[in-house]
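Structure first, commentary second.
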Amino acid sequence: DVVETQEHYKSRWRSIWIMYLTMFLSSVGFSIVIMSVWPYLQKIDPTADASFLGWIIASYSIGQMVASPLFGLWSNYRPRREPLVVSTAISVAANCLYAYVHVPHSHNKYYMLTARALVGFGAGNVAVVRSYIAGATSLTERTSAMANTSACQAVGFILGPVFQTCFTLIGEEGITWKLVHLQLNMYTAPVLFGALLGVINIILIFAIFREHRVDDMGRQCKSINFEGEESGVLDQDAEGNVDHVAVVAINFLFFVILFVFAVFETIATPLTMDMYSWTRKEAVFYNGIILSVVGIESVIVFLVVKTLSKKTGERAILHGGLLIVLVGFFILLPWGKKLPNIQWQEIKNNSIPRTTSTEMLMPFWSLQAMQLPSNHTVEPVGCPVTQSWCLNTPMIYLAQYISSDILIGLGYPVCNVMSYTLYSKILGPKPQGVYMGWLTASGSGARILGPVFVSQIYTHLGPRWAFSLICGVVVVSLLLLEIVYKRLIAFSVRYGRMQE
């Protein structure tokens, strides 16, 4: 056994902190422009419509889904610094491309689509981040480290729109640097700031990040992708096969967890506009506040769950988190007798625009900048008669909606952290890059399908069908968890090298 020195311990945790920063910057790269994509798209290419906006939003997740397994595979055989630097450099270049999408004379929307897809491709490095943290922590450190990683990701999602808001002070025109055709305005400044953060991240990876690996008991051991003197002894505990049934089960559970959260996030605006007769501006404003509070709640849960897991274990907490999510969506089912207000004026005046299924596809943040045409002074509110279920489905009361938000904001982060923690422990000392890549890809696929689910099921069949199906999916997940419960144990415990 190689006893870890104090110097090695400090170097190992400095490297883990660099991974936390990388995860934070990855989520900032997604959220920092999300509120301004629509007005910027309209400005650079008037031919772009709302349906194309949906593709631009989804392109980030598609890029990440493709890249995650590739970067994970790379990190299994080469020093992780390589995929980390390359992926971050891709994100930096993509952000710079986004700042220049106004320059071409045509097809500007496709340049923006490419830029966002490449930013998502660069964000595939989260698989490398999580696989490194899994290999550089002992079993007792793992839950805390994974919770910190998820907390950094959540904080990035929260602070991205805050940075965007600060940059709106520059204004829509801003400053133009004609020599390099650069416009520094409220649309381009956030991505250039993101590019600057990426450059800083690359410098820190070169300066501070080192390849470290410890076994489940915290003993220093040599990694497959070691660098020079940083290696210890070969890990003899790597012998044995990974439980692939448990691996597939966690992938499915993780897909469901991110799918239901994507549905919850996407459905916020159309649901509140239909049920409470909110205008677009009111729906964006109030849901922005609610989801910000949910984000803060999630960060607190990430921090609390580290302590709680030591007493109850990860499997029990995952079970509890899924139950909380189930209750949250069950509460959203329409139970009363009062019907929502109907947009009757839409029948009387055909000049008033309808609420289309395309708009239902769009998450709350992408609706912020949508404005009614200047010749319309009154925005129709209430449930549109184009959705036939509005005429016979009871409304969901505001108290139901807020209670559901609180419960889902509690259950989602619990499930998120426990999925990653259990997954990394099941894989044990085996190289985790590809496996973490598939888990990240599962989450990206869920974020793509969630809005599609909302646009089809909710728009055509209504909240009763939509939330009933979600409840059914979560119940299936709970049954699966019961079936594989005893198999969701750490690799070292499975082979009798450690006690649970």
Legend entry - Scattering curve values for the chain, log₁₀ I(q)/I(0), Debye with Cα scatterers, q = 0.10, 0.14 Å⁻¹: -0.78, -1.38
Legend entry - Unmatched cysteines, the chain - criterion: no other Cβ of a Cys under 4.7 angstrom: Cys96, Cys152, Cys166, Cys221, Cys415, Cys471
Inset, instruction - Would you mind checking the tilt of helix 314-331 against the longest principal axis of the Cα atoms of the chain, expressed as 0 to 90 degrees and rounded to 10? - result: 10
Legend entry - Net +/- balance of residues flanking Leu308 in space, Cβ distance below 14 Å, scoring K and R +1, D and E -1: +3
Inset, instruction - At a Cα cut-off below 19 Å, give the lysines reachable from Lys486, other chains included and same-chain residues fewer than 8 away excluded. - result: Lys310, Lys311, Lys425
Inset, instruction - Indicate the gyration tensor shape class of region 150-215 (rounded, prolate or oblate), computed on the Cα atoms with a ≥ b ≥ c the square roots of the eigenvalues: a/c under 1.5 is rounded; otherwise a/b larger than b/c is prolate and the rest oblate. - result: oblate
Inset, instruction - Please determine, in degrees from 0 to 90 and to the nearest 10, the orientation of helix 433-453 with respect to the longest principal axis defined by the Cα atoms of the chain, where the helix direction is its Cα long axis. - result: 10
Inset, instruction - Show the residues, 5+ positions off or on another chain, whose built amide H is closer than 5 Å to the amide H of Leu184. - result: Ile175, Thr176, Trp177
Legend entry - Counting all C-alpha pairs of region 1-222, share separated by more than 27 Å (%): 36
Inset, instruction - Between the alpha-carbon centers of region 280-343 and region 102-127, tell me the distance in whole angstrom. - result: 32
Inset, instruction - Would you calculate a helix-derived [θ] at 222 nm for the chain, using -39,500 (n - 2.57) for each DSSP H run of n ≥ 4 and dividing by the full residue count, to the nearest 500? - result: -22000 deg cm²/dmol
Inset, instruction - For the chain, find the longest principal axis of its Cα atoms and tell me its angle to the long axis of helix 280-312, 0 to 90°, nearest 10. - result: 20
Legend entry - Positive minus negative residues near Met112 (Lys, Arg vs Asp, Glu; Cβ under 13 Å): +2
Inset, instruction - Net charge near Leu332: determine it from the other residues with C-beta under 14 Å of the C-beta of Leu332, scoring Lys and Arg +1 and Asp and Glu -1. - result: -2
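Bear in mind that the values in this text are calculations on the coordinates, not laboratory data. Only a predicted model underlies this, so the values are computations on that prediction, with no experimental measurement involved. Counting neighbours? That spans all protein chains shown, and the Cβs are built from the backbone with ideal geometry, glycine included.
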